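Down below is the structure, laid out as structure tokens.
The values are calculated or read from the model by the stated rules, or taken from the named source; none is laboratory data. These numbers were taken from a predicted model, which means no experiment stands behind them. Every residue, glycine as well, gets a Cβ built from its backbone with ideal geometry; the counts of neighbours run over all protein chains shown.
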Amino acid sequence: ETGVTQSPTHLIKTRGQQVTLRCSSQSGHNTVSWYQQALGQGPQFIFQYYREEENGRGNFPPRFSGLQFPNYSSELNVNALELDDSALYLCASSFELTGWETEAFFGQGTRLTVV
Amino acid sequence: AQTVTQSQPEMSVQEAETVTLSCTYDTSESDYYLFWYKQPPSRQMILVIRQEAYKQQNATENRFSVNFQKAAKSFSLKISDSQLGDAAMYFCAYRAQYGNKLVFGAGTILRVKS
């Protein structure tokens, strides 16, 4: 167990709907990253949050957005869901201090199915 | 942009034997980190081993060791005395020294036969 928890574990949504995924980071960590893992592929970086601000973004459209809260937990929001958004969404937390970052510890993921 | 390639979609090994998983990467950076992660059916990504590019010595963690060839941009994982619990998807990943993201390969499924 890494101390990173994600909720819910599974979710089914209809195309066009909106979804919010949640992540509770490991104690002491101040950075949260989100990844999308399509079936049979490696995870793809969506974005990272550091001290409540977005700190880098991958090649994902603006309908993917996020938040980080003062306790360093985080949300991933996806609007106007598309069938291709079906994937495992992984959250990873780490500690960053002026450019130096520890290893990322991952949660168990949220399996999102869009129908 | 950095890329990571794992050319073996699937590998099999007999219990107690040794297996090597391959990984190559492309980067113009001189300082970076390389990782091997294990993802069992439970889906949680678990760090297996980490290598800093500035270190010439290959990292070792118990039965897991790497062969890091910086000039060739190669980073293979050797698993000795394979156990049934080693069966999983293994991902090679790269992170720039001051980067904010992991770049993953496509993964290698490792099957362990008893």
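Side notes on the structure shown:
- Residues (assigned to a loop (DSSP other than H, G, I, E, B) and more than 14 Å from chain A (Cβ to nearest Cβ)) located in region B:80-114: B:Ser80, B:Asp81, B:Ser82, B:Gln83, B:Ala87, B:Ser114
- Residues in region B:86-113 that are closer than 16 Å to B:Thr18 by Cβ and surrounded by fewer than 17 Cβ atoms within 10 Å (Cβ to Cβ): 2 in all.
- For first residues located in region A:64-82 and on the phi > 0 side of the Ramachandran plot and free of Cβ contacts under 8 Å to residues at least 60 places away in the same chain, partners that are of a type outside the set (Gly, Ala, Ser) and not in a loop (DSSP other than H, G, I, E, B) and lie 6+ apart or on another chain with Cβ distances below 9 Å form the pairs A:Tyr72/A:Thr31; A:Tyr72/A:Val32; A:Tyr72/A:Tyr49.
- So A:Glu54, is it touching a strand residue (DSSP E or B) at 6+ places or on another chain (Cβ under 9 Å), touching a residue at least 24 places away in the same chain (Cβ under 8 Å) and part of a strand (DSSP E or B): no
- Of B:Lys73, B:Lys78, all but one fail to be on the phi > 0 side of the Ramachandran plot and in contact with a strand residue (DSSP E or B) (Cβ under 6 Å, 6 or more places away or on another chain); the exception is B:Lys73.
- Tabulated pairs, region B:17-39, first farther than 17 Å from B:Thr60 by Cα, second among the hydrophobic types (A, V, I, L, M, F, W, C) and part of a loop (DSSP other than H, G, I, E, B), C-beta under 6 angstrom, 6+ apart or interchain: B:Asp31/B:Ala53; B:Tyr32/B:Ala53; B:Gln39/B:Met45
- If you go through region B:1-31 and keep only what is closer than 11 Å to B:Ala93 by Cα and not polar (S, T, N, Q), you end up with B:Val4, B:Cys23, B:Tyr25.
- Qualifying residue in region A:25-34 (condition: assigned to a strand (DSSP E or B) and more than 24 Å from B:Thr5 (Cα to Cα)): yes
- Of all residues in region A:69-92, those satisfying the criterion of being in contact with a Cys (Cβ under 9 Å, 6 or more places away or on another chain) and more than 12 Å from chain B (Cβ to nearest Cβ) are A:Ser73, A:Ser74, A:Glu75, A:Leu76.
- Answer residue from region A:23-53, given it is of a type in the set (S, T, N, Q) and facing chain B (nearest Cβ under 10 Å) and is surrounded by the fewest Cβ atoms within 10 Å (Cβ to Cβ) among those: A:Gln41
- In the set A:Thr98, A:Thr102, only one residue is under 20 Å from B:Ile46 (Cα atoms) and either crowded, with 20+ Cβ neighbours inside 10 Å or modelled with pLDDT under 95 (or both); that residue is A:Thr102.
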